[in-house]
Amino acid sequence: MTSMRGKTALSDIELEEHLAQQALNRSMLVRMMPLLGPAWRLIAAVSGIELLLVATVFLRPILIGIVIDRGFIHDAPHWTMLPSVITGCCAALAASWAARFALGGLSQYLAGKAAIRVLNGLRVRVFAHVQSLSIAYFDRTKAGRIISRADRDVDTLEPLLIQGPPELLSALLRCVVAGVLLWRIAPSLLASLIATVPILFAATAIFKRISHRNWTRVAECRSRFTAHLVETVAGVRMLQQTVRESDNLTLYRGLLREFNQALIGGSIRSNWFAPFTSVLTTTGMALLLVIGARGLTLHEITIGQLAQSLFYVFLFLGPLQELTDLFERYANGSACAQRIFLMLDTPAQIVDADDAFDLPALRGEVRFRDVHFSYDDRNRRPVINGLDLHIAAGEVLAIVGPTGHGKSTLVQLLTRFYDVANGAVEIDGVDIRSVTQRSLRQHVGVVLQDNVLFGGTILDNLRLAQPEASDAELIGAARALGADEILESLPHGYDTEVGPLGADLSHGQRQLVCLVRAYLANPRVLVLDEATSAVDVHTERRIQRALRTLCRGRTAIIIAHRLATIRDASRIAVIRQGQVAEIGSHHELLLRPGGLYAALYQAYEESALADENFSVVAEAWS
């Protein structure tokens, strides 16, 4: 799949196929086998134990046959019992059961170890690949679908990959050995059973196709309601604020209903297989009794051999019945594996060139040269349209403009989360596509409006920028930036837990932590994208002081709606329709008659005055 489908919206799975540039439905058996590599010795050991278990299974009918034929001697008109034979066979039967329990426990232990090794290896592989994917993948794929791949879908492979091969081997061995032993007793007995095998194989092929289709649909429906659950958790505040809990619950119930319909409908279409095999087994048993009775009458077989044959019938047809479970596992596991490998086969859209090199020490000059860019190649109107912008080393440039006209997109292009369609982005005259992404992002620091904090303390989050730094060095950076007054007033100071994604801190406190983190990273080029939005005026003033310290001695690009943030910038660029509409200093742009910046600033001043009046009233009432 190399192109999007017209201008219609793609379904979730179609979008994933488009990003992976290939279709979903492919044979999974060849793809899954290499997953067993890290645990092949354990799986081989489990298979060996299964061989021993098969031996104990066949030992029992042999012992029963010996008891019947040799433990009781017919000496007309009486029967003579031989206690030694019966006692020995009973002891051997008891030993076979004990061995079966012991070997079964060992097999489960080794299979568990193999499962941990294989599934953890796959989880690490999926996790590493997820981290390597380009930002475009996360912007277009639901988080719940990604989580479903790495969690539930991986778990679903365990019964197939770990338990499946030994159980399939055991089933085949029991079937083959039972057939051979039946042939030795009486070929006619085996012939009566083989007549049912073609019918069973034909039914198995039909069942496999139906089951695979059913489980593919079930896996897709499961991904949908998991994705909706993750979105609900992320957006629960908005749902409660807009009082949409009931509607959202209705939507979730609808997704569960689709899942249940797929699950139940699949069961209805495939549940005929187990009763069908039972009918075949009963038919085979009936044929065996008829042919066995004839053999007894003609003295071709003994009573003990007939008793053994009854066991062999179950051992011959029983494994064939187990194909129901094995194919269910294969269908379910294959459907999940398709989605896992579809994600693993999705390439990163942004990759380093073969001859990419690390950036040397920078001066910090940035240039956007005739840049064109669109997030969707089907959109005829690009977000950035022929933009030219030069930022001198050490300059503080502010970028303003209406929402949706490309300001934040410049950050995505400068950090190379997306690549330009035409033109180039350069640092110190070097096209950023010719350098490694790692070195580029080490030199370009970004502080966003909604920066992410990870679970742990404030110090833990600061240490992300300098893993080897001591607590004293981290605290010293916070004090140098002027963030200590707020951060040290927290209940446990720098040891305060930030909560999931920083939820235990206010927005302003989170921003200060992110600014200190950027200060510790010491990038040569710093981008502040709406770093002071969504905070109160007093917090904004505290952040302003930190920003002035942070921008000192480095190239800084400030994107902001609150124009007080950018009055001291060296220059201000106004972006409109993906182009530089105006550029100059604050005073120059204010004096430009009918200018865009002048209009934006006037609107800001009116809004700021209203905020200031509100703050004065609030302080008077406090």
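The values are calculated or read from the model by the stated rules, or taken from the named source; none is laboratory data. Note that this is a predicted model, so its numbers are computed, not measured. Every residue, glycine among them, receives a Cβ derived from its backbone with ideal geometry; neighbour counts consider all protein chains shown. Remember, those area values only see protein heavy atoms, side chains included, never the ligands or the DNA or RNA. Shrake-Rupley method; radii C 1.70, N 1.55, O 1.52, S 1.80 Å.
A compact table of results
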quantity: Solvent-accessible heavy-atom area per residue, rounded to whole Å², over the stretch 291-449 at 1.4 Å; calculated: 42 Å²
quantity: Expected-Rg normalisation [2.2 N^0.38 Å, Cα atoms] applied to the stretch 84-146; calculated: 2.31
quantity: Cα→Cβ-extended label distance, 7 Å offset, between residue 298 and residue 51, nm; calculated: 3.8 nm
quantity: Accessible-area composition of the stretch 118-181, carbon plus sulfur, in percent [1.4 Å probe]; calculated: 66 percent
quantity: Neighbour cut-off at most 16 other Cβ (10 Å), DSSP loop, GluC sites (Glu not before Pro), the stretch 467-503; calculated: 468, 488
quantity: Solvent accessible area, Å² - residue 109, 1.4 Å probe, full protein context; calculated: 140 Å²
quantity: Theoretical gain in end-to-end length, residue 72 to residue 602 [0.36 nm per residue, Cα-Cα removed]; calculated: 179.7 nm
quantity: 5 angstrom amide H check on residue 396, placed H, neighbours 5+ away; calculated: 556, 570, 571
quantity: Amide H partners (placed H, <5 Å) of residue 580, local residues excluded; calculated: 388
quantity: Gyration tensor (Cα) of the chain, equivalent ellipsoid semi-axes in angstrom; calculated: 73, 26, 22
quantity: Fully extended contour minus Cα-Cα distance, from residue 250 to residue 588, at 0.36 nm per residue; calculated: 116.1 nm
quantity: Cβ-derived FRET efficiency at R0 51 Å, residue 353 paired with residue 92, nearest 0.05; calculated: 0.10
quantity: Hz values of 3J(HN,Hα) by residue in the stretch 295-311 - Karplus curve (6.51, -1.76, 1.60), Gly and Pro given as x; calculated: x, 5, 4, 8, 6, 8, 9, 9, 5, x, 5, 5, 5, 4, 4, 4, 5
quantity: Expected 222 nm ellipticity per residue - DSSP helices of 4 or more, -39500 (n - 2.57), all of the chain, to 500; calculated: -20000 deg cm²/dmol
quantity: In Hz, Karplus ³J(HN,Hα) per residue of the stretch 398-415 (6.51, -1.76, 1.60; θ = phi - 60°; x = Gly, Pro); calculated: 9, 10, 10, x, x, 5, x, 9, x, 5, 5, 4, 4, 5, 4, 6, 5, 8
quantity: DSSP loop trypsin sites (Lys or Arg not before Pro) with at most 16 other Cβ within 10 Å excluded, longest remaining stretch of the chain; calculated: 27-243
quantity: Relative contact order of the chain, pairs being alpha-carbon contacts under 8 Å that are 6 or more residues apart, as %; calculated: 14 percent
